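The values are calculated or read from the model by the stated rules, or taken from the named source; none is laboratory data. Please read these numbers as outputs of a predicted model, since none were measured by experiment. Here the Cβ positions follow ideal geometry from the backbone for every residue, glycine too, while neighbour counts run over all protein chains shown. For the accessible areas, the whole protein counts, side chains as well, though only heavy atoms, and no ligand, DNA or RNA atoms are used. Shrake-Rupley method; radii C 1.70, N 1.55, O 1.52, S 1.80 Å.
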Amino acid sequence: MNALLAFAAALLALRLAGLLARRWRATRRPELAVWAWSLAAYAVAAAAIAWGEAAQWDARAFRVYYAAGALLTVPLLAVGSLLLAGVRRAGAIGCVVAGLGLGVALAMPVHGAFAAHGIPPAQDHLQFLPARLLAILCNAGGTLVVVAVALRSLGRRPVGNVLIILGVAAAALGSGLAGLGAGGAAIGIAVGVALLYGGFVAPGRIPFSRPAGARPQRPSP
């Protein structure tokens, strides 16, 4: 059941990544491309959970899960938020961070025996430096950036930004609490990715519309 839940979450994240990529092709807005890559990494992390739960966890499944889920997803979300806020250098910074994360994930030594089921705790299989420290910095800093940008533009996009904040919280809850197990993490990922996608594509503030034929009222003096 845990493997099926994680696989369903991976399909949902991949589907929404494709929809964001389609919107990017139509509009060429750079934040949509970065958010699409972020949700694609999210899908890979969920697929790694399904892999580990179905075929028993090992160093390969854990390495893929950690690279995509702990080192790539949140930083790419943050880069997309910065691009939305007009920080054009964020794209170059995002490439550096993503490259560093992939390099660390490929080179990091993984040790210890893995349980058959349940997401392996990072502290049981990784040294603090550099992988765990980088994950802490990327996720803490990325989350702060996403929430700060969402709060800054809350007045312009109240619905979308509230959904983004809730999506980040759901994703963090799903992957951060080991007591939820793989099934709970998969549910958190599925809920989080749906909320994030809704936040990305939600329109801005809905303008007030007058009934047909009504005359505009003059402002009071």
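Here the spin labels are modelled as points 7 Å beyond Cα on the Cα-Cβ line, and at LEU11 and GLN123 they lie 3.7 nm apart.
Per residue, the stretch 122-162 exposes an accessible area of 56 Å² to a 1.4 Å probe, with every protein chain left in place. Using the Cα gyration tensor of the stretch 2-151, with a ≥ b ≥ c the square roots of its eigenvalues, what is the shape: rounded (a/c below 1.5), prolate (a/b larger than b/c) or oblate (neither)? Since a/c reaches 1.5 but b/c is at least a/b, the shape of the stretch 2-151 is classed as oblate. Here r is the Cβ-Cβ distance between HIS111 and GLN56 and R0 is 22 Å; the resulting FRET efficiency, rounded to 0.05, is 0.80. Here the stretch 1-90 exposes an accessible surface that is 65 percent carbon and sulfur, computed with a 1.4 Å probe and the other protein chains kept in place.
If R0 is taken as 22 Å, the Cβ-Cβ distance between ALA169 and THR27 corresponds to a FRET efficiency of 0.20.
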